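Chemist: For reference, the structure I am asking about is given below.
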Amino acid sequence: MKHFVESSALAVKIPSNILTLLVGITLTLISLWFGYNHSLLPIAASREAELVDGLFNAMMAVSIGLFLVVQGALVVALFKFRRRPGDLTDGPHIHGNIPLEILWTVIPTVIVFIISVYSFDVYGQLGGFDPNATGDSSQVQVAMLPGEDASAPLMDSSRAKPSHHHEALGIGASPEDEGKPADLTVDVMGMQYAWLFNYPNAGVTSAELHVPVNQEVQLNIKAQDVIHAFWLPEFRLKQDAIPGQPSELRIKPRRVGEYPVICAELCGPYHGGMVTKLFVDNQQDYDNWLQSQIASQDSNQTTALVLDQQTDGDFLAPFVSDLGVTPDIVQQVLPRDRA
Amino acid sequence: MTSAQLHATTHAVTSDGVPIYRKWWHYFTFNSDHKVIGIQYLVTAFVFYLVGGSMAAAIRTELATPAPDFVTPEVYNSLLTLHGTVMIFLWIIPAGAGLANFLIPLMIGARDMAFPKLNALAFWLIPPAGLMLISSFFLESPKAGWTSYPPLSLVSGQVGEGIWIMSLLILGTSSIFGALNFFVTLLKLRVPSMGLNDMPLFCWAMLATSALVLIGTPVLAGALILLGFDLIVGTAFFNPTGGGNAVVYQHMFWFYSHPAVYIMILPLFGAISDVLPVHARKPIFGYRAIAYSSLAISFLGLIVWAHHMFTSGTPAWLRMFFMIATMIIAVPTGIKVFGWVATIWGGKLPFNGPMLFAIGFISMFVIGGISGVMLASVPFDLHVHDTYFVVAHLHYVLFGGSVFGLYAALYHWFPKITGRMMNEPLSIVHFVLTFIGMNLTFLPMHQLGLLGMNRRVAMYDPRFADVNLICTIGSYILALSTIPFLINALWSWIAGKPAGNNPWRGLTFEWQTTSPPEIENFEELPVLTVGAYDYGLGHAYTETVGDRQQNHRHHEPAPLAHADSVSPTEPEVEVAVVAGNGHEAPGNQKCPLPANPDAAVQTEPEPEIVVAAGDRPEDRSHQE
Ligand code: HEM
Ligand SMILES: [Cu+2]
Ligand SMILES: [Cu+2]
């Protein structure tokens with residue numbers, strides 16, 4: 001009977017005694033500590049990564065708090081409210097408690113509101129609202145892509161060829177740099193099962209991505225055959241490479257080093273092998289690398305160049321049987337833009 | 001005398017007293033009895049679960065080491081695709097439909113579903129579609145993942161992809177037929193005394209689920225048909241080479257497939273809401289909040305699909321819209337979770353299969369829910385989309401949620417379905433193994449994803465090898481965990497202790513008829529006099545109408561039906577408030593207290609009797 005009174009009192013009233021307060025403070029401290037002291041993420045090597053990590057840590061702290069509250073309640077209940085053998089009586093007849101229900105509707109609402117605002121803000125700082133990358137200015141083109149040729153005559157030509165230097169969805173310039181061109185532009189091409197990086201200004205094509213540290217780099221991302229996704233885990237950024245639909249990422253590397261470039265969208269059996277490297281170099285190393293590339297491309301010796309000179313069919317030939325398709329299909333599927 | 005009564009008085013009984021209404025071979029025929037169909041669904045789905053589970057074991061064995069050494073990468077992708085498709089379309093969705101088929105008519109006091117023939121047809125579409133899908137593994141299997149994005153799905157082999165599309169179209173059709181039936185049955189066939197707000201919460205959940213199926217599945221069918229044209233005839237709806245748009249497929253696919261995750265979880269939300277009160281011996285906390293939050297989830301579930309497409313070249317405003325819509329779903333979901341926790345708080349929790357899996361469900365689902373909110377945040381999702389973080393999230397929801405929920409439901413309703421109890425120690429072993437295996441397999445995957453391991457890969461960076469090995473060991477424990485369940489279910493079905501009508505002392509209608517329920521469910525249709533969750537009013541442990549029916553000796557009309565027979569001395573204030581879940585004006589006509597002459601005796605604690613035992617006098621003689 002004592003049990004009955006105790007537990008119904010607990011369930012009906014919003015707990016407010018000292019013990020609850022202490023438990024609450026402890027949970028908060030644990031959550032905050034864990035949120036900011038976990039080693040779940042890899043190195044943060046870019047400005048974007050620092051922003052995303054701040055968001056993740058905050059979400060992690062809130063999550064741990066919620067996790068502990070719910071799991072704690074379950075564990076306590078499982079021990080405290082165990083049915084004694086032979087006890088066939090019922091628990092207290094409590095079918096609800098409006099203030100409590102309002103409370104646990106409002107708290108999650110406030111939490112997701114705060115997370116949404118924070119996420120919105122981080123998204124803006126990443127450069128998600130750069131008009132060149134939001135889709136606002138490129139709707140015309142997106143709508144007609146990639147049947148461009150067919151629909152072009154029907155369209156007002158001034159709209160069909162927008163004056164922007166560049167049109168793609170993705171993450172653009174951060175608010176401070178909006179409108180300024182990036183320091184370096186690299187064209188990224190995804191194909192089964194490799195990435196190709198083309199430096200249009202230097203006329204260099206490489207199978208590895210080199211960028212100078214602390215400079216804004218604009219990556220224009222395309223796909224040749226099927227959908228791929230360009231992912232830089234240490235930069236916390238990912239963008240699908242979609243055939244017929246260009247996209248972009250604008251990144252600011254902050255930390256010199258060597259990082260993986262990973263394809264994150266299933267693109268065939270060897271999807272797991274579609275990995276290359278990103279080198280964030282200091283300016284000197286970067287310049288040296290670029291010079292060596294220019295030199296070696298002149299003499300037709302890099303792998304990258306060999307790749308580039310192959311037709312797509314040649315490049316894919318070894319994989320044709322793995323793909324379970326005939327070479328004809330491969331030819332049909334591949335666009336001609338590399339010819 | 002109605003035909004039901006005829007059946008009830010002439011049916012056979014096993015030597016230990018369990019009624020037999022069906023021969024085993026009935027279950028292999030086109031039978032329109034919703035209970036037969038329910039069992040057909042559940043058993044078929046479970047067989048497919050074992051198939052999908054074997055594929056998971058093969059996947060994890062491959063991933064035990066970084067190199068693609070156990071199967072070739074092509075076979076890996078086939079296994080992956082079939083695993084996902086089988087688990088979703090042949091296990092979770094049909095199993096939910098199976099529960100709904102068995103339970104809905106019983107819970108609302110109907111003799112069958114609204115369209116029994118259509119119901120049978122819905123089931124019989126599943127085995128051929130499933131066999132076709134699985135046989136593709138031996139011909140040429142689909143390899144583009146369960147999402148089957150073009151252009152990859154268009155170049156991964158025509159035959160396999162064609163089979164995949166065909167079988168999904170058939171399964172979708174089946175699902176639509178089923179949903180139509182649930183929807184109409186719930187709205188039209190309730191006993192007159194049961195208003196919508198008196199329905200057990202499982203019924204509310206099925207109402208919400210059916211709406212989603214009816215709205216979403218046709219769009220999936222549309223996407224699949226167009227994809228089929230691209231694949232076979234060479235049109236270019238989605239094929240960029242011919243001027244198509246690959247992203248449109250993703251929109252159409254997810255317009256169905258996000259709601260599909262609710263199609264997979266809502267029925268179990270409902271089941272948990274019905275399992276917890278019975279075992280905790282407390283009313284569900286916040287009936288209306290839980291009922292209506294199912295509807296809210298169902299509605300919001302229709303406007304969040306593009307959170308699967310944050311990286312697909314999605315315009316900023318779409319990203320923000322879908323982020324916020326997704327976040328909002330956390331609110332009705334939270335209402336349910338807190339309601340469940342409050343339901344067990346202060347209750348009388350037994351340590352048995354249904355209770356453990358129900359609590360395990362809450363515990364695991366919360367983890368999946370929390371990681372879901374994180375994934376909704378666009379900047380964070382840009383990092384973890386298509387990584388093992390997502391694999392972890394989706395398994396906490398689908399395995400920790402749906403599968404734990406299904407186990408809770410199976411343990412809870414097994415006595416009703418078969419007339420026999422399951423073995424309790426074995427169910428505890430099952431739970432412990434499942435719980436450990438689940439967390440060992442899927443918890444570390446969160447970190448794998450965060451650190452940089454992408455999903456759907458047969459080979460991976462060796463620095464992830466150790467953590468992957470842990471996951472693989474966990475998955476073997478999971479595989480092992482099904483063995484005690486299988487033994488328990490098979491053995492109990494044949495030789496378990498007879499359950500009696502109401503072994504858990506539940507208050508919903510299904511417990512008022514025989515176990516297994518007779519051919520047309522009720523000898524006499526029940527009348528709602530006690531709210532589905534009116535525990536704690538002293539009358540919960542009463543002999544129910546059904547118990548009397550099973551003793552064929554008495555056939556007097558159920559005393560439950562008489563409102564005027566309330567004992568005036570029985571509990572006080574709460575009574576009026578509580579009838580109809582406490583949401584109706586005091587003084588309504590429904591009597592919360594059956595004036596059962598035995599009630600007083602029955603409420604006394606009877607220490608020697610195991611809770612699980614049947615409550616009929618005959619059963620007691622079978623116990624030691
Ligand atoms: C029995 C234990 C299970 C294990 C060990 C397991 C393991 C896995 C693994 C490792 C993957 C990811 C493969 C990859 O991305 O390369 C996966 C994918 C998946 N699993 Fe499971 N799984 C299990 C049960 C389930 C259940 C019960 C469901 C749900 C209903 C499910 C649904 C899925 C889905 C939808 C995918 C995604 C498939 C795709 O990417 O196309 N799994 N599973
Ligand atoms: Cu790829
Ligand atoms: Cu979704």
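Chemist: Quick check on B:Leu410: is it in a helix (DSSP H, G or I), surrounded by fewer than 21 Cβ atoms within 10 Å (Cβ to Cβ), within 15 Å of ligand 1 (Cβ to nearest atom) and modelled with pLDDT of 95 or more?
Modeler: No; evaluated as a whole, the condition is false for this residue.
Chemist: Now for a separate question. Among (1) within 14 Å of chain A (Cβ to nearest Cβ); (2) surrounded by 21 or more Cβ atoms within 10 Å (Cβ to Cβ), there is one condition B:Lys416 misses while meeting the rest; what is its number?
Modeler: Going through (1) within 14 Å of chain A (Cβ to nearest Cβ); (2) surrounded by 21 or more Cβ atoms within 10 Å (Cβ to Cβ) one by one, B:Lys416 breaks only (1).
Chemist: Quick check on the range A:36-59: of everything there that is assigned to a helix (DSSP H, G or I) and more than 11 Å from every other protein chain (Cβ to nearest Cβ), which residue is modelled with the lowest pLDDT?
Modeler: The selected residue is A:Tyr36.
Chemist: Residue check, B:Gly96 against (1) in a loop (DSSP other than H, G, I, E, B); (2) within 16 Å of ligand 1 (Cβ to nearest atom), all met but one. Which one?
Modeler: (1)
Chemist: Read through the list (1) buried (at least 23 other Cβ atoms within 10 Å of the Cβ); (2) in the same structural domain as B:Val71 (by TED's automatic domain parsing); (3) assigned to a helix (DSSP H, G or I), then give the number of the only condition that B:Val457 fails.
Modeler: (3)
Chemist: Please verify whether the range B:53-67 includes one or more residues that are within 13 Å of chain A (Cβ to nearest Cβ), over 17 Å from B:Met445 (Cβ atoms) and within 16 Å of ligand 2 (Cβ to nearest atom).
Modeler: Checked the range B:53-67: no residue is within 13 Å of chain A (Cβ to nearest Cβ), over 17 Å from B:Met445 (Cβ atoms) and within 16 Å of ligand 2 (Cβ to nearest atom).
Chemist: Of the numbered conditions (1) assigned to a loop (DSSP other than H, G, I, E, B); (2) within 14 Å of another protein chain (Cβ to nearest Cβ), A:Gln239 satisfies every one except a single condition; which is it?
Modeler: Against the list (1) assigned to a loop (DSSP other than H, G, I, E, B); (2) within 14 Å of another protein chain (Cβ to nearest Cβ), A:Gln239 comes up short only on (1).
Chemist: Sticking with this one: Could you list, in sequence order, all residues of the range A:71-84 that are facing chain B (nearest Cβ under 7 Å) and assigned to a loop (DSSP other than H, G, I, E, B)?
Modeler: A:Phe81, A:Arg83
Chemist: Then there is this: Scan the range B:277-288 for residues that are at the interface with chain A (Cβ under 9 Å from one of its Cβ atoms) and β-branched (Val, Ile, Thr) and jot them down.
Modeler: Across the range B:277-288, the qualifying residue is only B:Ile284.
Chemist: Just checking, does the range B:352-367 include any residue being assigned to a loop (DSSP other than H, G, I, E, B), closer than 27 Å to B:Leu478 by Cα, over 17 Å from the mean Cα position of the chain (by Cα) and more than 7 Å from chain A (Cβ to nearest Cβ)?
Modeler: Yes; the residues of the range B:352-367 include at least one that is assigned to a loop (DSSP other than H, G, I, E, B), closer than 27 Å to B:Leu478 by Cα, over 17 Å from the mean Cα position of the chain (by Cα) and more than 7 Å from chain A (Cβ to nearest Cβ).
Chemist: I've got another one for you. Could you check how many residues of the range B:181-237 are surrounded by fewer than 22 Cβ atoms within 10 Å (Cβ to Cβ), touching a Ser or Thr at 6+ places or on another chain (Cβ under 7 Å) and under 11 Å from B:Ile104 (Cβ atoms)?
Modeler: Total meeting the criteria: 1.
Chemist: For the range A:281-310, which positions are at pLDDT 50 or above and outside any helix (DSSP H, G or I)?
Modeler: Listed by number, the residues that qualify are A:Asp281, A:Asn282, A:Ser299, A:Asn300, A:Gln310.
Chemist: So A:Ile251 clears everything in (1) buried (at least 24 other Cβ atoms within 10 Å of the Cβ); (2) facing chain B (nearest Cβ under 10 Å) except one condition, right? Which one?
Modeler: Just one mismatch for A:Ile251, condition (2).
Chemist: Cβ-Cβ under 8 Å, sequence separation 6+ or interchain: first residue in the range B:289-303 and in contact (Cβ under 8 Å) with a residue 12 or more places away in the chain and away from chain A (no Cβ under 12 Å), partner away from ligand 1 (no atom under 16 Å from the Cβ) and among the hydroxyl-bearing types (Ser, Thr, Tyr). Which pairs?
Modeler: Every condition considered, the pairs that remain are B:Ile297/B:Thr333.
Chemist: Which one is surrounded by the fewest Cβ atoms within 10 Å (Cβ to Cβ) among residues in the range B:497-511 that are in contact with a Pro (Cβ under 8 Å, 6 or more places away or on another chain) and modelled with pLDDT of 90 or more?
Modeler: The extreme case among them is B:Trp504.
The values are calculated or read from the model by the stated rules, or taken from the named source; none is laboratory data. None of these values were measured; they are calculated from a predicted model. Positions of Cβ are backbone-derived with ideal geometry, glycine not excepted, and every protein chain shown enters the neighbour counts.
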